[in-house]
Amino acid sequence: MTKKIIFLGIETSCDETAAAVIRENEKGTADILSNVVSSQISEHKKFGGVVPELAARAHLENIEYIINSALDESKVSLDNIDGIAATAGPGLIVCLTIGLNIGKSIAAFSNKPFIAVNHLEGHALSPKLNSKLDYPYLLLLISGGHSQYLSVKNLSEYKRLGTTIDDAIGEAFDKTAKLLNIEFPGGPQIEVLAKKGNPNKYNLPKPIFNKGGCNLSFAGLKTAILKISKEIKTDQEKFDLAASFQKTVIEILYKKTKIAFNEFEKKIKPKEKKFVVAGGVAANKKIRSMLINLCNEENYQSIFPPPELCGDNAAMIAMVGLEKFKLKQFDNLDYPAKPRWQLDENAVFLKGAGVRLSD
Ligand code: KG4
Ligand code: ZN
């Protein structure tokens, strides 16, 4: 029996300090031997958002303990690990450097290969931790900082089909929560409150709904919520606004995903039509079920990571490490942190005033 590859992953790009050990298996996926995530919610709650310097200090205080816990839990010694993968970007530079530097140090003193990982590629490959997934596929990446449709031709071969021109979808959830006086991080709470509300109570705008291909925009939605939230007096109205917001986002994603399907088929001509949804917002059950229904209508296979692997974690970083290790795509120990590292490095910057969108 050939030895199965075992990888250590490290993640510190934002406010989660995480380490994980995974091992490839016969099913073409990976066994998660440990997956330790330390969230800093309590540190940032009083400020209503992530404070980079506080996040960096917390990473520094916790990282050694988290890595040791991941190794202990996995029952694998460092000697038996084949390589170390650490997130190099995108993210907060003060946070990235902590995980990246410790990953490089472990690789140097244990004499193992080092792999610098794009955090977004971690999300993109996260479904591979529990489902066999061959290329190519269409990816919808929906997180706190990114909202993009990408065609994934192969490992590290991404072509962006559409992106948000302003706020990311997770950011829209978080900002809406803040306007409704829900404690940070409020995104997941919107889903809970929406269950008690009437989604048809408020008619909210759908920016660039009828233009811009599968590009997305959520800033106008936030402005509308700001106005309405000032008039809100009862809890029921708050639930109604949460439900109306979620319904509007779902309608936007339904239409834009259909356009993305079309573009993907035209560009790639895939033999099998596969749609992967990843990132923190992919944990939202309403969004998941709408996208699953759409896939059934359009003959796509829908693939999601399990909800607990949608948010930031290091198992997904180790997964990228494992895939790159098989192709011997190792990195040097002087690999820099890349705070703005895009998956499609040729994609044009599409943010801010003056963005021109075609119909
Ligand atoms: O992928 P992630 O953990 O971190 C980033 O890389 O950004 O995504 C975090 C984002 C946050 O904006 C959070 O509010 C959102 O995902 N999120 C949700 C839900 N769970 C997490 N948004 C809507 N519904 C949820 N259930
Ligand atoms: Zn993330």
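The table below gives the values:
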{"read-out": "Centroid-to-centroid separation of the range 326-345 and the range 52-70 [C-alpha atoms, Å]", "value": "22 Å"}
{"read-out": "Structure-based [θ]222 nm, the chain - -39500 (n - 2.57) summed over DSSP H runs of at least 4, per residue, nearest 500", "value": "-13000 deg cm²/dmol"}
{"read-out": "Accessible area of the range 160-308 belonging to carbon and sulfur atoms, whole % at 1.4 Å probe", "value": "50 percent"}
{"read-out": "Max mean-square fluctuation residue, GNM over the chain, Cα-Cα springs under 10 Å, options ASN284, ASN332, ASN198", "value": "ASN332"}
{"read-out": "Cut-off under 5 Å, modelled amide H: who pairs with ASN198 long-range", "value": "ASP240"}
{"read-out": "Long-range amide H partners of GLY162 with built H, under 5 Å", "value": "TYR149"}
{"read-out": "Dipole moment magnitude, nearest 20 debye, the range 1-94 about Cα centre, only Lys, Arg, Asp, Glu C-beta charged", "value": "140 debye"}
{"read-out": "Isotropic mean projected area of the C-alpha convex hull, the range 111-169 (nm²)", "value": "5.2 nm²"}
{"read-out": "Positive-pole candidate from SER147, LEU179, PHE264, dipole of the chain, charges at beta carbon", "value": "PHE264"}
{"read-out": "Rh by Kirkwood over Cα pairs, then Stokes-Einstein D for the chain at 1.306 mPa s and 10 °C, µm²/s", "value": "76 µm²/s"}
{"read-out": "Cα gyration tensor, the range 47-142 - rounded (a/c under 1.5), prolate or oblate", "value": "oblate"}
{"read-out": "Burial order of peptide ranges 11-18, 155-162 (average beta-carbon count within 10 Å, highest first)", "value": "11-18, 155-162"}
{"read-out": "Highest-first arrangement of 300-307, 128-135, 342-349, where packing means the average Cβ count within 10 Å", "value": "300-307, 128-135, 342-349"}
{"read-out": "Other-chain or far-sequence residues with amide H under 5 Å of SER34's (modelled H)", "value": "VAL21"}
{"read-out": "For the range 1-74, the Rg and Dmax computed from alpha carbons only, in angstrom", "value": "15.0, 53"}
{"read-out": "Karplus-derived 3J(HN,Hα), 6.51/-1.76/1.60, for each residue of the range 86-97, Hz, glycine and proline x", "value": "9, 5, 10, x, x, x, 7, 4, 5, 8, 4, 4"}
{"read-out": "Average accessible surface area per residue within the chain, 1.4 Å rolling probe, Å²", "value": "45 Å²"}
{"read-out": "Rg to Rh quotient for the range 88-218, alpha carbon positions, Kirkwood Rh", "value": "1.05"}
{"read-out": "Positive-end residue, the chain charge dipole about Cα centroid, Cβ charges, pick of THR97, ILE232, GLY83", "value": "ILE232"}
{"read-out": "Nearest-20 debye value, the chain charge dipole, Cβ charges on Lys, Arg, Asp, Glu", "value": "1220 debye"}
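The values are calculated or read from the model by the stated rules, or taken from the named source; none is laboratory data. The structure presented is a predicted model; accordingly, all values stated were derived computationally and were not measured. FYI the Cβ positions are ideal-geometry reconstructions off the backbone, even for glycines, and counts take in every protein chain you see. These area figures cover heavy atoms from the full protein model, side chains too; ligands, DNA and RNA do not enter into them. Shrake-Rupley method; radii C 1.70, N 1.55, O 1.52, S 1.80 Å.
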